[in-house]
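These notes concern the structure reproduced below.
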Amino acid sequence: MTLRPPDWPSKSGASPYGAGPRTQAPIHSWAARLSTGTTVEIESIGHVFEPLRPNAGLVMAFERACESIGRPFTPDPRGPEVGGSTDFGNVSQLVPALHTDLAVHSWPAVNHQHEFAAHSVTPAGDRTMLEGANAMALTALAYAADPGILNLPSSQKATFR
């Protein structure tokens, strides 16, 4: 029997076990199995991260806020269903939520990479942070002016253009 490590993209650091200290555990386990002839069982423990469920009305209000400040929305090159392991998904299952996402135009570097971090501490990164804060504040004002925006049916999937 031939054992080979999983094909995880090394540059992105992606793995099914998320970022951080646990990222290398599966590859170390594979190496240990190969060198010793033993087996290992990896079991997920802890909290399950639910998928993010954005509120369509908040998404629409945020999109309009971005447009009003002249911030063009740049879709994530990885696609619209990009997620991640975060407890914010769990929160979004219980209360109306919005996961804001503004590009710092660092592609192909993405968050949790050194290249992304380096790009984020530039004038363009600062501008993105300030524009994001402005758009979030305008979104909060839109909700304060009309709490009914939370009732936009999710079937009217509001997406960024």
Report, by residue number, each residue of the range 120-132 that is more than 27 Å from Arg64 (Cβ to Cβ) and open to solvent by less than 100 Å² (accessible area, probe 1.4 Å). Thr122
Of the listed residues (Ala103, Ala97, Ala135, Ala142), the one being surrounded by 15 or more Cβ atoms within 10 Å (Cβ to Cβ), within 19 Å of Met60 (Cα to Cα) and modelled with pLDDT under 85 is Ala103
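Being at pLDDT 65 or above, open to solvent by 60 Å² or more (accessible area, probe 1.4 Å) and either in a helix (DSSP H, G or I) or under 27 Å from Glu131 (Cα atoms) (or both): is that true of Pro80 here?
Numbers: at pLDDT 65 or above: no; open to solvent by 60 Å² or more (accessible area, probe 1.4 Å): yes; either in a helix (DSSP H, G or I) or under 27 Å from Glu131 (Cα atoms) (or both): yes.
No, not satisfied.
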If Phe49 satisfies all but one of (1) open to solvent by 60 Å² or more (accessible area, probe 1.4 Å); (2) modelled with pLDDT under 80; (3) of a type in the set (A, V, I, L, M, F, W, C), what's the number of the condition it fails? (2)
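The values are calculated or read from the model by the stated rules, or taken from the named source; none is laboratory data. Since this is a predicted model, take the numbers as computed values, not measurements. Methodologically, a virtual Cβ is constructed for each residue, glycine included, from the backbone with ideal geometry; neighbour enumeration extends over all protein chains shown. Remember, those area values only see protein heavy atoms, side chains included, never the ligands or the DNA or RNA. Shrake-Rupley method; radii C 1.70, N 1.55, O 1.52, S 1.80 Å.
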